[in-house]
1. Apply the Karplus parameterisation 6.51 cos²θ - 1.76 cosθ + 1.60, with θ equal to phi minus 60°, to every residue of the stretch 125-134 and state each ³J(HN,Hα) to the nearest whole Hz, in sequence, with x for glycine and proline.
2. Give the peptides 174-186, 63-75 in descending order of average Cβ contacts within 10 Å, highest first.
3. Determine the distance separating the Cα centre of the stretch 1-65 from the Cα centre of the stretch 146-183; give it in Å without decimals.
4. Using the crude model of +1 on Lys and Arg Cβ and -1 on Asp and Glu Cβ, and no other charge, please compute the dipole size for the chain relative to its Cα centre, in debye to 20.
5. Could you pull out every residue, at least 5 positions away or on a different chain, whose amide H is within less than 5 Å of the one on residue 15? Hs are placed 1.01 Å off N in the peptide plane, and Pro or chain starts have none.
6. What residues have an amide H closer than 5 Å to that of residue 72, excluding those fewer than 5 places away on the same chain, when H is modeled at 1.01 Å from N in the peptide plane?
7. Report the net charge of residues surrounding residue 69, where surrounding means a beta-carbon distance below 9 angstrom and charges are Lys +1, Arg +1, Asp -1, Glu -1.
8. Compute the Rg to Rh ratio over the stretch 114-162 from the alpha carbon atoms, using the Kirkwood formula for Rh, and round to two decimal places.
Amino acid sequence: MILFEKLPFEVILASNSPRRRELLSSLGLSFSIAKDLKIDESYPENISTEEIPLYIARKKAQAHSPLLNDKQLLITADTVVLAGDHFSRVLGKPHDERQAIEMLELLSGKIHRVITGVTLTTKNRQISFSDKADVEFMPLPSEELREYIAKYQPFDKAGAYGIQEWIGLAGIRSINGSFYTVMGLPTHLIYDKLRLFCL
C-alpha cells in the first residue's frame, strides 16, 4: 500500500496472537515479531473496565520500548470482553475448560462488549487508542459450547471465543462495531493512525 511505502519505520508487532499477525498481514503491512517478554498484565482496581485494554497495551509498550532503535515502530495491543449488567464484568483468557464454559454460558443469548486497546510506539513518539464493539450471541446449548471448547481450545482468547471460528459463524446474531476489533485489532484505526508517523 502507498501509505506503508511512506512509513519511515520498521514495524514490530509485540504479540503472540496469530489473529493479530493475520490481520496486519492482510492490511498489507510488513512487520517482524518482537521478542517474547513475560509481562504482568494486571491492572489497578480503580480504573474503569473500558480503560483496561489500553492500560495493558501501554504496559506492554513500556516493557518493549527500551529495545527499540530510532528506525523501529512497535505495535502492542490488548483485548478484553465485558459482560453482565452495564458491562461491568471483565472476561480475560480462561485458565481451563471449566472457566471457558462459564464464560460462554454467561455470553450465550446476551449482548457483551469487546474493547481492543492499541499503542504505537517509537523512540520519540507514542499514540494510544481503543475501539469497542457490542456483540450479541444467540442462545447456545451447553453441549455445543463444550464441543466448541474441545475442538478449538480457546484458552488464548479473551471471553473464551474467536469470532472467526465456528462459534462466530453459528452463534453471533449481530455486531455493532468492527468485526476486526472483536478479532483483536481495530485495523481501520491502525491504518489511519500510522499516517501520523509518515508526517
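Each value in this text was obtained by applying a stated rule to the coordinates, not by laboratory testing. All figures in this text were calculated on a predicted structure; none of them were measured in a lab. Reconstructed Cβ throughout: ideal geometry from the backbone, glycine too, with neighbour counts over all protein chains shown.
1. In residue order, the calculated couplings are 8, 9, 10, 10, 7, 9, 9, 10, 9, 9 Hz.
2. Numbers: 174-186: 20.4, 63-75: 15.9.
Per-residue Cβ counts within 10 Å, averaged per peptide and sorted highest first, yield 174-186, 63-75.
3. 21 Å
4. It works out to roughly 720 debye.
5. Sorted by chain and number, the residues that satisfy this are 34.
6. When sequence neighbours closer than 5 places are left aside, the close amide H contacts are 10, 123.
7. Details: positive: 71, 123; negative: 10, 70.
Cβ neighbours under 9 Å give a net charge of 0.
8. Working: Rg = 16.5 Å, Rh = 13.8 Å.
Rg/Rh: 1.20.
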